[in-house]
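K.L.:
Handing you a structure now.
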Amino acid sequence: MRFLGKSDASEKHFISFRHFLLILSAFSSLILFSCDMGSTSITYGNNFKASAKLETEYINGKEGAVVFYDKIPSWLIVPSQIMGYDVIRVKLADVSNIAELTYITLPDTVMVVDTFSGAILLETIKLPKSMVICPMFTGCVMLKSITIPDSITIIQDLAFTLCTSLESVDFGKGVHTIKNGAFTGCTALKTLTIPDNIKSIESSAFEDCSGITSLNIGNGLTYINPSAFEDCSGITSLVIGENMANIGETAFEQSASIRTIMLKAKTPPAVDKSSFKYKEITSSENSETKDFYYDITLNVPQASLTAYQNHKIWGKFKTITGF
């Protein structure tokens with residue numbers, strides 16, 4: 001069963017039933033002290049009118065205004081101050097017409113936006129440097145690029161799931177954790193570099209990112225969680241940093257196009273026998289599981305060449321060379 005995501009572009013974006021269920025489960029919640037300030041009316045260009053409920057909240061010890069929009073124009077410019085308070089939070093979670101949002105400007109005062117999920121026409125956005133929580137962009141099928149501010153430390157579960165036009169991600173200097181399924185199904189990603197500041201990539205974080213051809217994992221990562229890069233069928237070149245200690249089961253399962261791996265770790269990392277496997281469909285009812293490490297050239301530190309050659313799994317790779 002497949003669903004067709006709405007789009008005004010010539011390319012159609014298909015959503016599988018499994019990913020559709022992931023979107024339904026995506027959510028973001030915060031428990032913050034708030035005080036109701038009432039409602040006001042906001043008028044945009046072309047006489048577009050909306051009401052906004054105003055509250056004050058404390059986020060990271062700062063008191064500021066919260067704006068909850070009941071509907072929005074296709075272009076939205078959020079003010080930096082309301083009633084003498086800096087706007088620190090914007091709520092769009094229940095906006096009925098968020099699918100029509102194509103452009104939004106957020107002031108540098110904003111620290112939290114609950115979600116942009118469902119904004120299927122949103123192509124670009126600049127997140128303020130003051131932001132402390134990464135918003136949800138689940139199913140934003142037209143979003144092309146994202147730069148994560150240094151103030152954000154965690155990219156949440158399913159944050160960018162099925163952003164099928166997302167071509168580039170700048171993770172910034174603050175992110176240390178990429179949570180479960182954060183970029184699942186981002187099929188337009190081509191070259192992906194995981195910087196040294198990222199210490200944890202959780203399960204299925206980049207699953208089904210079939211467009212990635214080159215993957216460079218930095219020195220901050222010591223463990224690749226199960227299925228983290230499963231079904232990344234386009235990867236041909238893989239670089240793994242010097243501190244890698246463990247590659248989990250199914251980490252690269254179905255990523256059978258990998259032909260070269262530069263593995264910088266001096267001690268051969270623990271690796272599961274399922275980390276580099278794929279299932280080949282042999283008939284309408286049957287499949288055969290195969291190892292594809294026999295097709296991979298492994299490049300390792302020269303001083304560790306013998307250790308890799310004698311390893312029960314690394315030693316099975318097609319060719320092992322030293323650098």
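The values are calculated or read from the model by the stated rules, or taken from the named source; none is laboratory data. Note that the structure is predicted; figures quoted are calculated from it, not measured. In this analysis, Cβ positions are derived from the backbone assuming ideal geometry, glycine residues included, and neighbour counts consider all displayed protein chains. Just the protein is used for accessible areas: all its heavy atoms, side chains included, with ligands, DNA and RNA removed. Shrake-Rupley method; radii C 1.70, N 1.55, O 1.52, S 1.80 Å.
K.L.:
Which value in nm describes the separation of the simple spin-label points at residue 270 and residue 100, placed 7 Å from the Cα toward the beta carbon?
P.N.:
In this crude label model, residue 270 to residue 100 measures out at 5.5 nm.
K.L.:
Given a 1.4 Å probe and the protein chains all in place, what does the accessible area of residue 231 round to, in Å² to the nearest 10?
P.N.:
Roll a 1.4 Å probe over it and residue 231 shows about 50 Å².
K.L.:
Now, a different point. Residue-wise, which Karplus ³J(HN,Hα) couplings in Hz belong to segment 60-70, taking 6.51 cos²θ - 1.76 cosθ + 1.60, θ = phi - 60°, and x for glycine or proline?
P.N.:
These are the phi-based 3J(HN,Hα) values: 6, x, 9, 8, x, 8, 10, 10, 10, 8, 8 Hz.
K.L.:
Quote the charge dipole size of segment 54-161 about the Cα centre in Debye, to the nearest 20; the model charges only the Cβ of Lys and Arg (+1) and of Asp and Glu (-1).
P.N.:
With only Lys, Arg, Asp and Glu charged at Cβ, the dipole is about 220 debye.
K.L.:
Which residues does a label at residue 124 reach in segment 155-174, if reach means a backbone N under 14 Å from a point 7 Å past the Cα toward the Cβ?
P.N.:
Residues passing the 14 Å test: 167-168.
K.L.:
Amide H to amide H, which residues 5 or more places from residue 142 or on other chains are under 5 Å from it, using H placed in the peptide plane?
P.N.:
122
K.L.:
Moving on. Once the Cα gyration tensor of segment 58-214 is diagonalised, what are the square roots of 5 times its eigenvalues, in whole Å and ordered largest first, as equivalent ellipsoid semi-axes?
P.N.:
The equivalent ellipsoid of segment 58-214 has semi-axes of 26, 19, 12 Å.
K.L.:
Convert each backbone phi in segment 249-258 into a coupling constant with the Karplus relation 6.51 cos²θ - 1.76 cosθ + 1.60 (shift: θ = phi - 60°), then list the ³J(HN,Hα) values in order as whole Hz, x for Gly and Pro.
P.N.:
4, 6, 3, 10, 4, 6, 9, 7, 8, 4
K.L.:
Taking only C-alpha pairs under 8 Å that are 6+ residues apart, what is the relative contact order of segment 183-323 in percent?
P.N.:
Contact order relative to length: 16 percent.
K.L.:
Can you list the residues, at least 5 places off or on another chain, whose amide H is less than 5 Å from the amide H of residue 104, using H built in the peptide plane?
P.N.:
Sorted by chain and number, the residues that satisfy this are 76.
K.L.:
Dimensions of segment 164-231 along principal axes (Cα, Å, largest first)?
P.N.:
Reported extents, whole Å, longest axis first: 26, 23, 17.
K.L.:
Would you please classify the overall shape of segment 155-295 from the alpha carbon gyration tensor, given that a ≥ b ≥ c denote the square roots of the eigenvalues, rounded means a/c under 1.5, and beyond that prolate means a/b larger than b/c while oblate covers the rest?
P.N.:
Taking the square roots of the gyration eigenvalues as a ≥ b ≥ c, segment 155-295 is oblate.
K.L.:
Please give me, ordered by residue number, the trypsin sites (Lys or Arg not before Pro) of segment 92-201 that lie in loop per DSSP and have at most 15 other Cβ atoms within 10 Å.
P.N.:
Listed in order of number, the matching sites are 126, 129, 144, 173, 190, 199.
K.L.:
Let's test the formula: R0 of 35 Å, r as the Cβ-Cβ distance of residue 309 and residue 153. What FRET efficiency results, to the nearest 0.05?
P.N.:
0.30
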